[in-house]
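Asks: Handing you a structure now.
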Amino acid sequence: MRRIALVLAAAVTFFVLVGIAAGPAAADPANKNTLEFTLNCGSAGTVDAVFELSSSDSFHIVQFSSNFLWKSLDYVTPTGQSGRIERGIQGEGHSNLVTCTYIGAVSGNDYTVTGFFTP
């Protein structure tokens, strides 16, 4: 039981820190270090986003002050190679996960990303 409490405390601390670090972003879509694309999130709609090359953990949502923090990212290259990248604590930590797709602005890869929008 004590081990579960420690794991839960560590998870809560992680998500609090992620929430603080991922507060309102100010990425400039015209910045040479950002890539622009549209996230198609199915029934959740589409949103324009930018990806800061120095920050691989989130996409800044252009229309409103939010970020999309991704938990898993699947990709397929134009030549058919595929892969998966996972980050953060896996498991049932979020009940509001959204799956979105987009095409890489430079690579042309097809991406499927699962994550959540920050408040």
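The values are calculated or read from the model by the stated rules, or taken from the named source; none is laboratory data. Values in this document were obtained by computation on a predicted structure and should not be read as measured data. What goes into the accessible areas is simple: the full protein's heavy atoms, side chains included, and nothing from ligands, DNA or RNA. Shrake-Rupley method; radii C 1.70, N 1.55, O 1.52, S 1.80 Å.
Asks: Return the residues of the range 44-66 that are open to solvent by 70 Å² or more (accessible area, probe 1.4 Å) and under 12 Å from the mean Cα position of the chain (by Cα); say none if nothing qualifies.
Replies: Once the filter is applied, which keeps residues that are open to solvent by 70 Å² or more (accessible area, probe 1.4 Å) and under 12 Å from the mean Cα position of the chain (by Cα), the range 44-66 yields only SER56.
Asks: Looking at the range 73-85, can you tell me whether even one residue there is over 17 Å from ASN33 (Cα atoms) and at pLDDT below 90?
Replies: Within the range 73-85, not a single residue is over 17 Å from ASN33 (Cα atoms) and at pLDDT below 90.
Asks: Identify all residues within the range 67-90 that are assigned to a loop (DSSP other than H, G, I, E, B) and within 9 Å of the chain's Cα centre (by Cα); write none if there are none.
Replies: Selection gives nothing.
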